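Asks: Would you mind keeping the following structure in view while I ask a few things?
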Amino acid sequence: MTVDPRAALDRLVAALEAHYAAVAAKHDDDDPAVDDAYDVLADAFEVYDDALGTVHGEATPFYLAEEDDDDLDDEDDEDHHDDDLDEDDDEDEDDDEDDDLADVRH
């Protein structure tokens, strides 16, 4: 069954609004409402992107990064080392971001 892209877009916009509301109202960094809204938003985006591709042969310029449970644990460890970055590392990251943007453009 093909999902109507317009209906999927409406769901995506509603998910964006709900995610913002959850973030704005969060009580602490581990608020489950934010996690739930994130999951709903990610799902709504995938449905919209798939519907857009199926019906119109087009795609959005975005992608969702795949995360493993191990990656989440590693990210927690890396947060403590972020302060150790020097200016050269920041410049390298900027170059990588420019490369990523160039890859997305048609």
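The values are calculated or read from the model by the stated rules, or taken from the named source; none is laboratory data. None of the values given here were measured: they were computed from a predicted structure. Because the Cβ atoms are built from the backbone with ideal geometry, glycine has one as well, and the counts that use them run over all protein chains shown. When the accessible area is computed, the model is the full protein with side chains, heavy atoms only, and any ligands, DNA or RNA have been set aside. Shrake-Rupley method; radii C 1.70, N 1.55, O 1.52, S 1.80 Å.
Asks: Limited to the range 55-70, what total is found for residues that are surrounded by 12 or more Cβ atoms within 10 Å (Cβ to Cβ) and assigned to a helix (DSSP H, G or I)?
Replies: Residues flagged as surrounded by 12 or more Cβ atoms within 10 Å (Cβ to Cβ) and assigned to a helix (DSSP H, G or I) within the range 55-70 amount to 1.
Asks: Looking at the range 15-35, I want the residues that are without any contact (Cβ under 8 Å) to a residue 40 or more places away in the chain and have a partner that is in a loop (DSSP other than H, G, I, E, B) with Cβ atoms under 6 Å, at least 6 apart or on another chain. Which pairs are those?
Replies: Cβ pairs passing all conditions: Val34/Lys26.
Asks: Do you know which residues across the range 28-54 are open to solvent by less than 60 Å² (accessible area, probe 1.4 Å) and part of a loop (DSSP other than H, G, I, E, B)? Steps first, answer last, please.
Replies: Initial filter on the range 28-54 (open to solvent by less than 60 Å² (accessible area, probe 1.4 Å)): 31, 33-34, 37, 41-42, 44-45, 47-49, 51-53.
Answer for the range 28-54, where residues must be open to solvent by less than 60 Å² (accessible area, probe 1.4 Å) and part of a loop (DSSP other than H, G, I, E, B): just Asp31.
Asks: Considering only residues that are over 20 Å from the mean Cα position of the chain (by Cα) and of a type outside the set (A, V, I, L, M, F, W, C), look in the range 1-26 and name the one that is surrounded by the fewest Cβ atoms within 10 Å (Cβ to Cβ).
Replies: The extreme case among them is Thr2.
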